Structure formats: C-alpha cells, structure tokens
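The values are calculated or read from the model by the stated rules, or taken from the named source; none is laboratory data. Because the structure is predicted, anything quoted here is derived from the model rather than measured. Heads up, the Cβs are rebuilt from the backbone with ideal geometry, glycines too, and the neighbour counts pull from every protein chain shown.
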Amino acid sequence: MGTKTDSWQKYETGLNFFRREKYLTECAKAERFYANDHYHGLEDMDLPKPILPLSKRIVDFKVSSVMAEDIKMNFSVEGYTQPPKVEGQEPAANEKGKLYEEAMNAFNSYSETAWEEIKQKSLNEEMLLNAALSGMGVLHYYYDAKAIYGNDDGVMAQAQGKMCGEVIDGTNVFLGNPNDRRINAHGKPVQPYVILSYRKLVSDIKKLAKDHNVEQRLINLITADTDTQDQGYDKAKLELDDQSKLTTLMHYFVKDGKIYCKESCKSVEFVPEYDTDYTIYPVAAMNWDIRKRFAYGMGEMKGQIPNQIAVNQLMAQAILSAQRTGTPQFIYDRTRMNKPTNRVGTAIGVDGDITSAARYLDTGKISNDIPMLIDKIVVMTKDLAGASENALGDAKADNTSAMMWAQRQSAIPLEGVQRRFYQCMEDAGLIWADIWKAKFNTTRAVVVKNKDSKEEIMNFNGEIYKDVNMRLKIEVGASSQYSEITNLNMLNSWLDKQLITFIEYLERLPQGSVTKKQRLIDTREQQEKAAEEMKRKQADTGKEFDKFISSLSPDLQAAIKQESQAKLEQEQIILPEQVV
C-alpha cells in the first residue's frame, strides 16, 4: 500500500498518546460497568456473580440532573445595545442598528427551530453520557449540501442543504494539543487541528472519492481493514463478516486564518482539502471533571468502579455463605455406607456402628459486619457523588418545600458539571451561527415561533449577517437554587388566600414537582367548562320561562303569581314583592 497520509500520521500520534495515558482501556472499562458487564474476563470464576448497578444509577441520575433545566439560546450582537424604548414612539436606529436588530431576531427565532430539527436534546443526553463515561463529551455539526429542506408546495420553497449534528466518542477525537481542553475560544480556533475518526463502508468511500475526481489508481488503494483494536469500546470492535469497512479521518485544520477540511484513509486522501468558510471549528466539547493539562478530562464512572467492585465482592461472599449454610456438604464413611441419599424419608443402611458414619460439614456463619459494610459503602458512595437519598427523592421530608430544599442542596456538587455543559451549549450556538452565515446563502422559508408561541413562516438568509459578530448567552429555567422553593411557597400562600385558582396554581408549579401535571390541568379545565355550560343552560332556561310568563295576559300572570306565593307560604318561604 502507498505512503501514509498526513492525517493518518497525526492520527497514529494521537493513538500513541491514548495508549500512554491508558485512555482507551479506561473508557472501555467504564462502558462495561455502565452496561452491567461487571465480570469481564471472570466469566469462569466459580463464585456467585451478583450485579448491583450502583454506578449505573448514579451516572444516569447525574446525567439527567445536568440537563433537567430547559435552556434557550439568546443571541446578541457584540458591542451593540438596543436603543431605549419610549412609549408611543418607535426606537431610533440607523441602518446598522436595523441590521443588528434583524440579526438578533432571526438567529434567536431560528435557533429554537434548529434545536428541534437536529434533535439537540437527544444529542445532549448522549454527549453527557459519553462525558460521564470517558471524561469528554463531543458534538460535531456539519452541513449536508445534498439534503433538501422544506417542501415545494407554493408556500415554502425548497432549499438545498441542511445543518446536522452528531455525537462523537472522546476516543474518536484527536486534538493537535491534547493538553488544552479548549477547541475554540473568543471566536477563534485554539487547536492546531481536530481529527475525527470513523468506521465506514469501503463502497461508500470509493463513491465519495469518485465524486471528488480522485484518480482511479488511488481509488483502487481504498481497501477494507480490520483496524478495530483501537476502537474505544468492546462492541465497536465487532463488525459483520460480510461488511467491508475501513477507518476514515475527517481532518479540520487552520490555514490562512480559516478552517479547512480534508478526508482520508490510511493511504488515500479521498476528499482533497477545501475551505469550509467557517471561522471556528464545528466541534464543541466539555469535560465531566477537569484534569489539569489533559483535554479529555475524567469521567464520573472512573471514581465509581472501585466501590462497585467492592460491593459486588461483598455481596458475592454473602450469597456464597448463605448457600453453604443453607445446603451444607454431606460426608460419609464409604466402608460402611454405599451410595447414601439426601432424599427425605429414605432409610439409609449402615454396616456396623452408626456413630460417625455420616454427618454434615459445619460451615462458618456470615459476619454481621458484611451487610452493614455493603450498606455503608452504598450510602457513602451515593452521598459523596451527590446522589444521596434526598437527591434521588427516596428520603422522607416533612413537606414539599423541605424535600425540594434537600434536593437542591444535594445538587450543589453537580453545579460545576452544569456550568461546563452550559458553556458547551454556548460554543454549539456560536458554531450554528457560523454555519448559518457560511452556508445558508440563499433565502429560505423556515417555520419559527413568535412571541405568542404560535408558528409562523420567516425568511432566513444567514449570509446577510456574515460580517455581524454575534455573542451568545444561555438562558436557564431557574435563576438560582432558591427560586423553585420561593415560587412554591408563594403559590401555596396565594392559593390559601384564594388569590389564584387551582388551575393557575397547577400551571405555575415548578417543573417535575407533580407527576402528570398537564393531565390534571386538562381534567380540571374540562370539569369547570362543563359546570359553566350547565350554569349557562340553567340561565337560558330561566330567561325563556320569564319570557313565556311575560307573554301571558295580566290576569293569568296575577293568577300564577298568587299560586306561587301561596305555595311558598306553605313551605314557610316569603316571596319578595319584586319577584314575579
């Protein structure tokens, strides 16, 4: 095969770095424990193999907690503030100001649509899980020029190209400077290069090479390989026998202040380098926990594995002791007994004196310290990881406010991870803006939500704002750890004083405090609507009756009134004179 490509040489340098740091083996071990494969390589061990997924529960809880709050991207223009609003007057703005206002409105509106289009919440969940296991979570955004956006239905014209997102395992990301965890900073690339590795079908790569006019003699060099030993996880090393795959590299690098990209395998560059028109790398990353001068950080699972092993071992010993105590081994004298049986009620023949002919072996009893030690390890592990009973909602509290306060206190150890996650989302939003300005160069109709949360169509052309430098701030649901508790106490007070209705109370409860909240709201609204309808019908019936009485002759009206008065007097009810 031909000489190695430049990208492949850098890729091998990165692999050697991983091997020295034992990064691949540690990531594989973490993934096994998350998948409840706690006895890898010990399958033949002649001991009970209990699995108490303590570490998995902690990881799942913390990943869910980090992304529990709804977040929103809020774009603004660097160095620009909106002019003050005067009641009854339109704010004064020059042409630049109008452009900036349009840019902020367009980017903020379309960011909500893009969030749904690329399923960002699902990407975040997978990315955070990767970070918890391997220490580094990575998001990669790219522009699919062949994708069709919209429908040609006369309302929304079709547009060519779509922004897409994907999650990359930390074991498949190779940084030019692995001692710096930043990829972009202050609107500029930090890393000298970023390489992403994939396993792809040979047929697809040959077609891609042909589309990019690669010489046939080079295309012939694109052949399958079995280089799966450096894939980070056990299952990634397994491939179908009838699939021809090879390792490919997407290589981003800085050239003349711009981001270039090329794609290659071991010996062939099948997509020659090209200018992406991006100003920053389309890759956002975060560390779960920070390791000084190590871009790949440290995962949550790494600290849980030793405790998980200890719990498994103690539980295995407890089970083994219970088995031996419950069914002790039977020994007998073969010179006096032939093939004894443990069957209940069966007579056993013995030659000679029966003393010491057979007996059960005495087994040692399990120490009471083992169950206590198991409980102590589990509780301490949860507490130190910030996944205590309070955080998990298992503890009892005197009232809802006390429970929420305890949960908030338990969430404090996660605040660092949350800050890094929000920073990653800011980096992602700036990448979106970079892609929109570079690739969305024709006007397309997109569906967005207005201030009233109703869908409407907006024309969007990112290239118009190519020279507008944007900044981004992530808005999070709760502004402080006290906000939900304060909100709940205030709502309880208002409901007690009948200042709000029960439906208004439910609508404003903190998210997650009541299960199936929306169903309860819908049921109560239906009940109130039915009651209102009943009152309206009763009122209409009364009006119709009054109208009928008024249509009668005065003598007949007087007779009806006299009859009604007499009946009410019999029931000891006095009818006011003004009531007919």
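Can you name the residue in the stretch 56-79 that is closer than 30 Å to residue 38 by Cβ and not in a helix (DSSP H, G or I) and is also modelled with the lowest pLDDT among such residues?
Here is the first cut: in the stretch 56-79, the residues closer than 30 Å to residue 38 by Cβ are 56-68.
Checking the rest, the ones that are also not in a helix (DSSP H, G or I) come to 67-68.
On the way: 67: 86, 68: 81.
In this case the residue turns out to be 68.
Applying the selection to the stretch 267-303, what residues are among the charged types (D, E, K, R) and surrounded by fewer than 23 Cβ atoms within 10 Å (Cβ to Cβ)? Hits for the stretch 267-303 are 269, 273, 275, 277, 289, 291, 292, 293, 302. Take the residues in the stretch 290-322 that are in contact (Cβ under 8 Å) with a residue 40 or more places away in the chain and of a type in the set (Lys, Arg); name whichever of them is nearest to residue 52 (Cα to Cα). Looking at residues that are in contact (Cβ under 8 Å) with a residue 40 or more places away in the chain and of a type in the set (Lys, Arg), I get 302.
Among helices (runs of 4 or more DSSP H) entirely within the stretch 377-455, having at least 1 residues that are at pLDDT below 75, more than 30 Å from residue 305 (Cβ to Cβ) and aliphatic (A, V, I, L, M) singles out 400-410.
Do we have any residue at all in the stretch 158-165 that's of a type in the set (S, T, N, Q), part of a strand (DSSP E or B) and loosely packed, with under 15 Cβ neighbours inside 10 Å? The answer is yes, given that some residue of the stretch 158-165 is of a type in the set (S, T, N, Q), part of a strand (DSSP E or B) and loosely packed, with under 15 Cβ neighbours inside 10 Å.
Looking only at the stretch 201-221, which residues are without any contact (Cβ under 8 Å) to a residue 12 or more places away in the chain and of a type in the set (S, T, N, Q)?
Narrowing the stretch 201-221 to residues without any contact (Cβ under 8 Å) to a residue 12 or more places away in the chain: 204, 207, 210-211, 213, 215-217, 220.
Across the stretch 201-221, the qualifying residues are 213, 216, 220.
Out of 185, 132, I need the residue that is within 27 Å of the chain's Cα centre (by Cα), without any contact (Cβ under 8 Å) to a residue 12 or more places away in the chain and closer than 30 Å to residue 303 by Cβ. Which one? Matching residue, one of 185, 132: 185.
Is one or more of the residues making up the stretch 536-556 under 34 Å from the mean Cα position of the chain (by Cα), exposed (fewer than 10 other Cβ atoms within 10 Å of the Cβ) and at pLDDT 70 or above?
Initially, the stretch 536-556 is screened for residues under 34 Å from the mean Cα position of the chain (by Cα), giving none.
Within the stretch 536-556, not a single residue is under 34 Å from the mean Cα position of the chain (by Cα), exposed (fewer than 10 other Cβ atoms within 10 Å of the Cβ) and at pLDDT 70 or above.
If you scan the stretch 230-264, which residues turn out to be assigned to a loop (DSSP other than H, G, I, E, B) and at pLDDT 95 or above? Listed by number, the list is empty, since nothing qualifies.
When the stretch 279-299 is filtered for residues that are in a loop (DSSP other than H, G, I, E, B) and within 19 Å of residue 187 (Cα to Cα), the ones remaining, listed by number, are 279, 280, 281, 282. Among the residues in the stretch 517-525, are any assigned to a strand (DSSP E or B), of a type in the set (Val, Ile, Thr) and at pLDDT below 90? No: the stretch 517-525 contains no residue that is assigned to a strand (DSSP E or B), of a type in the set (Val, Ile, Thr) and at pLDDT below 90. Of all the numbered requirements in (1) in contact with a Pro (Cβ under 8 Å, 6 or more places away or on another chain); (2) within 16 Å of residue 172 (Cα to Cα); (3) hydroxyl-bearing (Ser, Thr, Tyr), residue 247 misses one, and that requirement is (1).
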